[in-house]
Amino acid sequence: MTESVNNQRFEVREVSSSDPSITVLELSKQLDAHTAPDFERFLEERIRRDAKKKLVLDFHNLEYISSAGLGVLMGLIEEVRAEDGDMKLAALPEKIYHVLDLLGFPVVFKIYPTTEEAVQAFIANK
Amino acid sequence: MSRITRSFAANYAHLHDVRQFVVECAEDAKLTAQLRDNLILAVDEATTNIISHASTVAPHDIVCSCEYDRQQFVCELSYRTEEFSVPTEPPSIEEIEERVRSFKRGGLGVFLMHQLVQHVSYEREGDRNIIRLTQTVQ
């Protein structure tokens with residue numbers, strides 16, 4: 001099982017959560033067409049192999065995202081929601097939020113100012 | 001007007017290098033952070049499209065040129081290929097919103113490119129395709 005993805009250009013790792021039923025994943029560095037496949041494999045393992053259905057993606061350390069990275073989220077959100085789960089996005093830097101906003105992502109994905117608020121939203125079943 | 005040119009391998013692993021090149025030119029042109037970030041992403045999306053769609057791109061043959069003065073910043077990507085094969089027409093905002101709602105990935109990059117810079121043009125010169133991304137600075 002891949003515990004984290006850590007290469008020179010992109011990192012994602014599972015971090016501790018205040019609720020063990022909720023998985024918090026911290027993204028760092030740059031998510032583009034080169035690094036997106038690694039991110040996709042990592043997410044797929046969490047969702048399919050580990051049966052993680054309540055995911056919070058923490059963006060506060062992410063420096064860059066392109067449509068390739070957003071495509072990974074779009075490719076898996078339907079699967080997660082089909083099993084009563086969700087993928088919530090948290091702590092987006094302004095320039096990252098700008099990209100998601102251009103594509104209308106806030107209509108489809110719930111976005112929270114902090115990771116803890118996203119976790120609490122799962123607990124409150126929002 | 002300043003013009004700086006660099007060649008990159010047609011490989012996703014070099015997207016970071018392409019972006020870094022645009023950063024250097026944008027900083028030399030003293031662009032605002034917003035314009036700089038928009039250009040970086042637009043060039044990334046254009047380069048990604050070239051690599052993913054133009055299957056016959058000669059290796060080590062994406063030539064990126066940034067030309068700029070106080071009024072305008074133009075980034076040009078040219079590459080040798082048999083035909084013009086990258087998507088050129090951006091989907092509408094309504095199509096993009098529907099694709100996002102339906103969790104369909106395609107077309108996001110082309111749409112973003114057209115949203116991020118003022119003008120995108122596609123030309124063919126000899127055996128090379130040329131994509132130009134133009135942004136007015138003032």
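Among the residues of region B:35-85, the ones that are within 14 Å of chain A (Cβ to nearest Cβ), modelled with pLDDT of 95 or more and either farther than 19 Å from A:LEU31 by Cα or not in a helix (DSSP H, G or I) (or both) come to 1 in all. Cβ-Cβ distances below 6 Å connect the following pairs, each with a first residue in region B:17-33 that is touching a residue at least 40 places away in the same chain (Cβ under 8 Å) and away from chain A (no Cβ under 11 Å), a second residue that is of a type in the set (A, V, I, L, M, F, W, C) and surrounded by fewer than 20 Cβ atoms within 10 Å (Cβ to Cβ), and a separation of six or more residues or different chains: B:CYS25/B:ILE4. Under the condition of being part of a helix (DSSP H, G or I) and of a type in the set (S, T, N, Q), the residues counted in region A:87-126 number 2. A search for C-beta distances below 6 Å between a residue of region A:95-117 that is more than 10 Å from chain B (Cβ to nearest Cβ) and without any contact (Cβ under 8 Å) to a residue 40 or more places away in the chain and any residue that is surrounded by fewer than 15 Cβ atoms within 10 Å (Cβ to Cβ) and among the small types (Gly, Ala, Ser), counting only pairs 6+ apart in sequence or on different chains, returns nothing. Just so you know, in region A:77-86 the residues that are out of contact with any strand residue (DSSP E or B) (no Cβ under 7 Å at 6 or more places or on another chain) and in a helix (DSSP H, G or I) include one that is nearest to the other protein chains (Cβ to nearest Cβ), and it is A:GLU78.
All conditions but one from (1) within 24 Å of B:VAL18 (Cα to Cα); (2) among the aliphatic types (A, V, I, L, M); (3) more than 11 Å from every other protein chain (Cβ to nearest Cβ) apply to A:ALA51; the one that does not is (1).
Residues are listed down the side, and each one gets a yes or a no for (1) more than 14 Å from chain B (Cβ to nearest Cβ); (2) free of Cβ contacts under 8 Å to residues at least 24 places away in the same chain; (3) assigned to a strand (DSSP E or B):
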| position | (1), (2), (3) |
| --- | --- |
| A:ARG41 | yes, no, no |
| A:PHE59 | yes, no, yes |
| A:LEU70 | no, no, no |
| A:LEU73 | no, no, no |
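Within region A:26-38, if we keep just the residues that are outside any loop (DSSP other than H, G, I, E, B) and buried (at least 22 other Cβ atoms within 10 Å of the Cβ), the residue that is farthest from the other protein chains (Cβ to nearest Cβ) turns out to be A:LEU27. Residue check: is A:VAL99 within 24 Å of B:THR47 (Cα to Cα), among the hydrophobic types (A, V, I, L, M, F, W, C) and out of contact with any Pro (no Cβ under 9 Å at 6 or more places or on another chain)? Judged against the criteria, A:VAL99 is a match.
When you scan region B:87-124, how many residues do you find that are within 8 Å of another protein chain (Cβ to nearest Cβ), surrounded by fewer than 17 Cβ atoms within 10 Å (Cβ to Cβ) and aromatic (Phe, Trp, Tyr)? Within region B:87-124, residues that are within 8 Å of another protein chain (Cβ to nearest Cβ), surrounded by fewer than 17 Cβ atoms within 10 Å (Cβ to Cβ) and aromatic (Phe, Trp, Tyr) number 1.
The values are calculated or read from the model by the stated rules, or taken from the named source; none is laboratory data. Source: prediction; values computed, not measured. Neighbour counts run over all protein chains shown; Cβ positions are idealised from the backbone, glycine included.
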